[in-house]
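The values are calculated or read from the model by the stated rules, or taken from the named source; none is laboratory data. The structure presented is a predicted model; accordingly, all values stated were derived computationally and were not measured. FYI the Cβ positions are ideal-geometry reconstructions off the backbone, even for glycines, and counts take in every protein chain you see. Only protein heavy atoms, including side chains, enter the accessible area calculation; ligands, DNA and RNA are left aside. Shrake-Rupley method; radii C 1.70, N 1.55, O 1.52, S 1.80 Å.
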Amino acid sequence: MTTKPEMTASEIASAVVRGKMSALDATEAALARIKQHDGVLNSFTDVTADRARTKARAVDADIAAGKTVGPLAGVPFAVKNLFDVAGLPTRAGSKINRDLAPSKRDATLIERMEAAGAVLVGALNMGEYAYDFTGENIHDGPSRNPHDTTRMAGGSSGGSGSAVGGALVPIALGSDTNGSIRVPSSFCGIFGLKPTYGRLSRARSFPFVASLDHLGPFARSVTDLALAYDAMQGPDADDAACTTTRGLEPTLPLLANPVSDLRIAIAGGYFQKNVFPEAVEAVSRVVKALGATKVVDVPEAARARAAAYVITTTEGASLHLDRLRKRPNDFDPAVRDRLIAGAMVPAPLVDRAQKFRRWYRAQFAEIFKSVDVLIAPATPCTAPKLGQVNFNLDGVDLPVRANIGIHTQPISFIGLPVVAVPVPLEPLPIGVQIIAAPWREDIALRVAHALEKMGVVAAPSPKGF
């Protein structure tokens with residue numbers, strides 16, 4: 001048995017465990033696809049072929065010896081290059097970080113994926129220091145959309161979206177501060193999970209905004225998303241924000257539970273503005289399939305987005321201040337200028353943004369007393385053209401780079417769990433956010449799985465290369 005390009009992680013693991021395919025065969029197939037197609041997609045910055053083959057042989061040896069292997073046995077995966085990978089400098093999409101010494105240890109989430117039997121095949125392109133929504137990188141070139149390679153993959157986890165959307169690997173890991181899992185998922189037509197803030201460890205990953213950063217998986221099916229998420233759960237003393245009060249809460253066994261008992265509502269007001277017709281159509285298909293009619297207005301969502309900007313730019317500036325002083329010309333000018341601006345934001349504004357954040361979180365707590373799930377657009381449009389500077393939202397010309405995340409920022413601002421689901425419109429897919437209460441990833445994944453079974457959402461085959 002040989003792997004097909006769009007074979008899911010669960011299919012690969014099942015075949016490996018049953019002896020229908022070796023982990024090494026699955027790995028070699030992924031490496032071959034990367035070699036064949038990544039010259040166009042530009043999703044990988046590093047391919048760890050030797051390491052991958054060694055791990056795959058170890059999985060095969062365990063199976064031959066009758067040992068128990070994990071639920072991701074032999075599954076190739078890749079990670080955004082802000083994850084520490086032993087033996088590689090953690091570049092975080094930057095020129096400056098390439099001068100760092102190679103990492104001595106993998107990020108916690110890589111360790112957990114490999115403990116479940118998965119095989120790391122490389123590190124992925126991203127926007128510089130994760131301050132990006134486009135997937136364009138001035139140092140490594142843009143990640144390209146697998147459905148139209150003249151278009152953006154989305155950012156900042158552009159390589160992750162491109163690699164999974166292009167079926168180079170079935171699973172990739174990325175980060176989401178203001179939308180960097182959900183935006184590439186939307187543009188590249190795949191599933192993405194931004195967990196609750198503090199749910200998955202960020203240990204040994206390069207930060208952007210510590211109070212907003214999340215790590216999570218991309219996949220071509222909800223089952224694969226849940227497989228990866230479940231494998232990565234657990235407390236970690238190396239990440240102070242990682243929860244120690246919640247045990248493992250597997251979602252895979254709950255996926256098939258009915259959703260008829262869930263209270264599903266449509267995010268109104270702010271979330272129904274600043275959208276192109278394709279975003280309206282995608283949300284309409286999802287809510288119709290779910291039978292959702294209730295509309296809930298989210299108070300002060302625009303202000304939440306503004307507050308997220310203030311916190312992002314000031315925390316980011318603080319993190320990079322020494323690099324800005326010593327090596328300003330080695331930054332992407334667009335990133336550098338926003339960080340410099342962040343360094344000049346008055347402290348009272350930051351204080352007010354944080355106070356508002358607490359108020360806004362409390363408003364959502366009230367909403368989730370009567371609602372289990374909110375449905376909202378993931379992006380205002382399908383993937384823009386590479387290099388596109390502006391687009392027109394509700395009659396106003398606005399910068400693309402700053403406004404792609406207009407519907408994601410008010411949600412990650414308070415760390416809610418979200419599954420981005422791809423609606424396969426023509427000619428390009430677009431995503432919808434399934435938003436749940438804190439720690440209820442299981443509910444968001446259940447809804448996503450139900451939509452997938454109904455055929456409303458799906459990861460379309462790549463056609464741009």
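Key figures
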read-out	value
HN-Hα J in Hz across region 348-364 - Karplus 6.51, -1.76, 1.60, θ = phi - 60°, x for Gly and Pro	x, 5, 5, 4, 5, 4, 5, 5, 4, 4, 5, 5, 5, 4, 5, 5, 5
Simple label model, 7 Å out from Cα along Cβ direction - A32 to D238, nm	3.5
Reachable aspartates and glutamates, given that their alpha-carbon falls under 16 Å from the alpha-carbon of K326 and they are not under 8 places away in the same chain	D99, D337
Dipole moment magnitude, nearest 20 debye, region 148-277 about Cα centre, only Lys, Arg, Asp, Glu C-beta charged	320
Mean Cα-pair separation over length for the chain, i.e. relative contact order, pairs under 8 Å, 6 or more apart, %	18
Only Lys, Arg (+1) and Asp, Glu (-1) charged, at Cβ; region 270-426 dipole about Cα centre in debye	460
Computed [θ] at 222 nm, deg cm²/dmol, the chain (DSSP H ≥ 4; -39,500 (n - 2.57); rounded to nearest 500)	-11500 deg cm²/dmol
Amide hydrogen neighbours beyond the local backbone of H214, cut-off 5 Å, H modeled	D176, T177
Simple spin-label estimate for D337 and D99 in nanometres, 7 Å along Cα-Cβ	2.5
Test item: Cα-centred dipole of the chain, Lys/Arg +1 and Asp/Glu -1 on Cβ, debye	320
Heavy-atom accessible surface of region 1-59: percent carbon and sulfur, 1.4 Å	52
Karplus 3J(HN,Hα) series, Hz, for region 212-224 with 6.51 cos²θ - 1.76 cosθ + 1.60 (x for Gly, Pro)	10, 6, 10, 10, x, x, 10, 7, 9, 8, 5, 4, 5
Cut-off under 5 Å, modelled amide H: who pairs with W439 long-range	T196
Largest to smallest accessible area among K273, K55 [probe 1.4 Å]	K273, K55
Karplus (6.51, -1.76, 1.60) ³J(HN,Hα), θ = phi - 60°, over region 445-457, in Hz, Gly and Pro reported as x	5, 4, 5, 4, 5, 4, 5, 5, 5, 6, x, 7, 10
Average Cα contact separation per residue, region 178-325, under 8 Å, 6 or more apart, as relative contact order %	21
Placed amide H near T48: partners under 5 Å, 5+ positions off or other chain	G122, A123
Accessible heavy-atom area order of K326, K20, highest first, probe of 1.4 Å	K326, K20
Carbon + sulfur, % of accessible area of region 193-251 - ligands and nucleic acids excluded, 1.4 Å	57
Share of carbon and sulfur in the accessible heavy-atom surface of region 378-427 [1.4 Å probe, %]	56
Rounded accessible area per residue of the chain, 1.4 Å, Å²	36
Entries in K273/K369; K104/K385; K20/K194; K194/K385 that, when Cα-Cα distance is taken, lie over 31 Å	K104/K385; K20/K194
Distance between region 275-294 and region 72-94 - C-alpha centres, whole angstrom	35
Solvent exposure, largest accessible area first (probe 1.4 Å, DNA, RNA and ligands not counted), of M454, M232	M454, M232
Mean separation of Cα contacts under 8 Å (6+ apart) over length of region 272-415, as relative contact order %	38
Region 401-465-region 143-207 distance, computed between alpha-carbon centres (Å)	11
